[in-house]
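Step one of this worksheet: look at the structure below.
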Amino acid sequence: MNSVTENINGAAIPLKERLLADFQAWESHLNSATSPLHLVRREAIRQFDRLGFPTTKHEEWKYSNVSPITKQAFDFQATTQIPAADLAHALVPNLDANVVVFINGIYQESLSHFISPKEQVRVENFADAYQHEPETFEQHFAQSANYEKDAFTALSTAFAQNGVFLRVPDGTIVEKPVVIYFFSDARTANVASQPRNLYVVGKNSQVKIVEVFQTLGEKASFTNSVSEVSLAPEAYVEYYKVQNESDQASHIGTTQVNQQGKSHFFAGTATINGGFVRNNMNIVLDGEYCETNLYGLYIPDAKQHVDNHTVVDHAKPNSYSNELYKGIMKGRSTGVFNGKIFVRPDAQKTNAFQSNRNIILSNDASMNTKPQLEIFADDVKCSHGTTTGQIDEDALFYLRARGIGEDNAKALLMVAFAGDIVNQIRIPALQHYLENLIAEKLGKR
């Protein structure tokens, strides 16, 4: 893609027009512009052109203004070489796992390594995998992530060429997690990337997937990430997303999950740092006896903004979902939680529960929360609730009375509050890593 951001008169080119021009230039150099994959890309860019970037007049973006992103200039082609030793401090310590590394959206083969046998799991760069398994791509790519209504998903679909393809065959247990690091190298320039990931998990198979997003440097970065997760009947997937980016980082991420009968999906999302973060977690339980558990934690401070949108769509009967998101708001930060549960007419015997709890630690922080239930079946058990308040003064007094300083006492209470989420993480090394990040963020000593 062309990285030019100004015209010959020096005037800035609006991001939308720049991206449309980039697509046209990229398409003209493709050898496979008529492939089924690219035909989907072409329709997606047309839809992006029709939709444009959302504004705060759109109900789904009422509290999240993306115009500061669209007014910045980013290099979508930035390449860089970073020695493994310089990245060692940014990896999850003591985690025995398959490691996949991307820098500015580009796969880094020399920094990646795999310990699981190839017969357990196939992991490839997105573009390479399409050449090897076109039928799998055509069956799953852009089938669940809806680019018809979401401009950022349309943009991701149009430029889908870099990211992770992961496939687990039927009847397979992947014993080691697959950890995918997405680094934005913003040390010398504003950079952007659009990783597009496709995870296909076969019948009666199990895998743990971790996505870690981090920023290097203090220039601005923009990440538009879309992950599609397909669970065959009786599959079991644990999915974790860790965001520890800079104050100048903007991140819009969508995880789209489709579950078939008797499958289990577990998700844990932890937003530790990031200037502007929007996470879309969309689940369709499209089979009987499916189970979904969603956990989320966000700790914005200063002027950081974190927006979590979740959709749990019960399409078939006898399914179960449980959702708990917790936020700790500091400084002049803003938070958003919008959680929707749909129970379709055929989804009798559904059990669905949702809870959002927030603590505000400063007078300048704010939280907007909107839990929603739309139920079209009558034999169901569903509930939702939300609380937003300040720190428990009785608990604080209890700790202060035992000689603990006020700052440390508050930090201890906040770490305990976050523990309801962190304790759900089923990878010990990842859990310990997050505990340290959270303690540092909350000022526990």
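Placing +1 on each Lys and Arg Cβ and -1 on each Asp and Glu Cβ, with no other charges, gives the chain a dipole about its Cα centre of roughly 720 debye. With only the Cα atoms considered, segment 95-183 has a convex hull volume of 121 Å³ per residue. Residue-normalised convex hull volume from the C-alpha trace of segment 292-445: 117 Å³ per residue.
With each label modelled as a point 7 angstrom along the Cα→C-beta vector, the I375-K118 pair spans 5.2 nm.
How much solvent-accessible surface does E435 expose, in Å² to the nearest 10, with a 1.4 Å probe and all protein chains in place? The value for E435 is about 70 Å². Surface analysis of segment 55-105 yields an accessible area of 55 Å² per residue, using protein heavy atoms and a 1.4 Å probe. Under 37 °C and 0.692 mPa s, how fast does segment 259-370 diffuse according to Stokes-Einstein, given a Kirkwood radius computed over C-alpha pairs? Answer in µm²/s, whole number. Stokes-Einstein gives a translational diffusion coefficient of 226 µm²/s. The aspartates and glutamates within cross-link reach of K241, meaning a Cα-to-Cα straight distance under 15 Å and a gap of 8 or more places when in the same chain, are E211, E228, D307, E435. Can you spot the aspartates and glutamates whose alpha carbon is less than 12 Å from K349's alpha carbon? Ignore those fewer than 8 places along the same chain. Reachable aspartates and glutamates: E288, D378, D379. List the pairs from K149/K381; K57/K219; K303/K441; K219/K370 whose alpha-carbon separation is above 24 Å, in the order I gave them. Violating the 24 Å limit, Cα to Cα: K149/K381; K57/K219; K219/K370. Could you give the length gained on full extension between T80 and R42, defined as 0.36 nm per residue of separation minus the Cα-Cα distance, in nm? Additional length available on full extension: 10.8 nm.
Value of Rg to Rh for segment 157-225, rounded to two decimals, is 1.10; Kirkwood radius and Rg both from alpha-carbon coordinates. Working from the Cα coordinates of segment 327-380, the gyration tensor eigenvalues give, after taking √(5λ), semi-axes of 33, 9, 6 Å in decreasing order.
With the helix formula -39500 (n - 2.57) applied to DSSP H stretches of n ≥ 4, the chain reaches a computed 222 nm mean residue ellipticity of -6500 deg cm²/dmol. Binning all Cα-Cα separations of segment 367-431 at 10 Å, short to long from zero, yields these whole-percent fractions: 16, 28, 29, 20, 6, 1.
Exposure check, 1.4 Å probe, all protein chains in place: R42 carries approximately 60 Å² of accessible surface.
Taking the protein heavy atoms of the chain in the context of the full set of protein chains, the accessible area attributed to carbon and sulfur is 47 percent at 1.4 Å.
The values are calculated or read from the model by the stated rules, or taken from the named source; none is laboratory data. Note that this is a predicted model, so its numbers are computed, not measured. As a convention, Cβ positions derive from the backbone with ideal geometry for all residues, glycine included, and neighbour counts pool all protein chains shown. Surface areas here come from the heavy atoms of the whole protein model, side chains and all, with no ligands, DNA or RNA. Shrake-Rupley method; radii C 1.70, N 1.55, O 1.52, S 1.80 Å.
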